[in-house]
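This report concerns only the one structure given below.
The values are calculated or read from the model by the stated rules, or taken from the named source; none is laboratory data. Since this is a predicted model, take the numbers as computed values, not measurements. Every residue, glycine as well, gets a Cβ built from its backbone with ideal geometry; the counts of neighbours run over all protein chains shown. Just the protein is used for accessible areas: all its heavy atoms, side chains included, with ligands, DNA and RNA removed. Shrake-Rupley method; radii C 1.70, N 1.55, O 1.52, S 1.80 Å.
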Amino acid sequence: HIYIGRNVMHDDGENAIDLKDLTDVIISQNTIYNYQNTPLGRSRVATATHYGPSEPDKRGTIRAWYLFNEMYDAQTAGTISSGPQDIYFIGNLIRDINGITFSGWQHKDVYYAGNTMYNVGGGIDDSGSADAKAVIVNNIFGKLNSSGGVHISLEYSDYLRNSVASNNLFQDTMVFNRACVNCIEADPQFTNSSANNFSLQPTSPAIDMATSSGVV
């Protein structure tokens, strides 16, 4: 039962947030930036979520909620690895990411809902457990900064089949290794992306196009 809220985090030795063996954590409304060249020279990840109950001698990281944070100037905004379960990224604004926005492997259920991504190398690259799922709904995938960038890639076949993707908007031509229900390719009509104002103009095709995420 830990709350980490409304902080400004930057230029740290490794990560801004690194969760290991925690239950019921809220990370909300933080500003996190400049994780391109950390002194340790190996991470370049803004937030990291580790470990699950299947790991030896681990209770696991369960129910971590990343809510309405702004993250920018990093190689990756968030990684999930080695068994965490019920991890939520909701309403985050993520921009100016050199690599993949969200990267995950060997974890249980994860939820990406209502996030805005802009000027990122890629969106979600995720290989969860065979008995797990990803829920990817109501996100805006803005411009990619890599010609070979992928918006969403899910591995392996069981995880891909279990997962849900719907009501997402893609500013570029969608690159996803499965169908996306009620998803559109369109200009989201940000108010002024060059000034980092990612609110939506009244005529944006994203307005009133979300669906119930089943999460909140």
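Give the stretch 5-27 a look and list any residue that's surrounded by fewer than 18 Cβ atoms within 10 Å (Cβ to Cβ) and more than 12 Å from Arg63 (Cβ to Cβ), or say none. Listed by number, the residues that qualify are Gly5, Arg6, Asn7, Val8, His10, Asp11, Asp12, Gly13, Glu14, Asp18, Lys20, Asp21. Of the residues Gly123, Gly148, which single one is assigned to a strand (DSSP E or B) and out of contact with any Gly (no Cβ under 6 Å at 6 or more places or on another chain)? Gly123 is the lone residue from the list that is assigned to a strand (DSSP E or B) and out of contact with any Gly (no Cβ under 6 Å at 6 or more places or on another chain). Here Asp187, Asp96 are screened, and the one residue that is closer than 22 Å to Asn34 by Cβ and of a type in the set (Asp, Glu) is Asp96.
Condition (residue is in a strand (DSSP E or B), over 28 Å from Met209 (Cα atoms) and over 13 Å from the mean Cα position of the chain (by Cα)) applied to the stretch 86-97: is it met by at least one residue? No, there is no match, as no residue in the stretch 86-97 is in a strand (DSSP E or B), over 28 Å from Met209 (Cα atoms) and over 13 Å from the mean Cα position of the chain (by Cα).
If you take the residues in the stretch 135-154 that are of a type in the set (A, V, I, L, M) and open to solvent by 30 Å² or more (accessible area, probe 1.4 Å), which one is farthest from Lys108 (Cα to Cα)?
Filtering the stretch 135-154 for residues that are of a type in the set (A, V, I, L, M) and open to solvent by 30 Å² or more (accessible area, probe 1.4 Å), the one farthest from Lys108 (Cα to Cα) comes out as Leu144.
Within the stretch 105-120, the set of residues being at pLDDT below 95 and part of a strand (DSSP E or B) comprises just one member, Trp105. Counted as qualifying within the stretch 155-216 are the strands (runs of 3 or more DSSP E) with 2 or more residues that are touching a strand residue (DSSP E or B) at 6+ places or on another chain (Cβ under 6 Å), at pLDDT 95 or above and surrounded by fewer than 15 Cβ atoms within 10 Å (Cβ to Cβ), namely 197-200.
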